[in-house]
Amino acid sequence: AYYGIAAIDADRRGPSTDDINHWVLIVGCREREEPVPTLPTATSVIEELLISDSSTQAQTAETWVQRSEFLRLWGGFNVLLARPVGIAP
């Protein structure tokens, strides 16, 4: 099992390298469907990441964030994958 670790802008100002000031752990991902208001039989697939954030700005320790928001606002483009010693891939 690998853990995703991403450098982000804790103030959610976007993906500028000057604003990278915090690290978060990506602990999960999911896809969910939401109805499309203008098309009653259609749904839209929403991709989300479960982010574990230890900053004081975080309202909860873990929160689901839309993938596009994580990229656009958090600046979470680069992710490192880490595996603790003794844990099989």
Over the chain, the sum of -39500 (n - 2.57) across DSSP H runs of at least four, divided by residue number and rounded to 500 deg cm²/dmol, gives at 222 nm -1500 deg cm²/dmol
So, with points 7 Å from each Cα along the Cβ direction, the residue 12-residue 44 label distance in nm works out to 1.8 nm
Scaled by the rule-of-thumb 2.2 N^0.38 Å, the alpha carbon Rg for region 4-88 gives a ratio of 1.26
Residues meeting the amide H criterion for residue 22 (H placed from the backbone, H to H distance under 5 Å, 5 or more places apart or on another chain) are 8, 10
For the chain, the dipole about the Cα centre with charges only on Cβ (Lys and Arg +1, Asp and Glu -1), to the nearest 20 debye, works out at 180 debye
Neighbours of residue 55 by Cβ distance under 15 Å: Lys/Arg at +1, Asp/Glu at -1, summed charge -3
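Values in this text are rule-based calculations from the coordinates and carry no lab data. The structure presented is a predicted model; accordingly, all values stated were derived computationally and were not measured. Neighbour counts run over all protein chains shown; Cβ positions are idealised from the backbone, glycine included.
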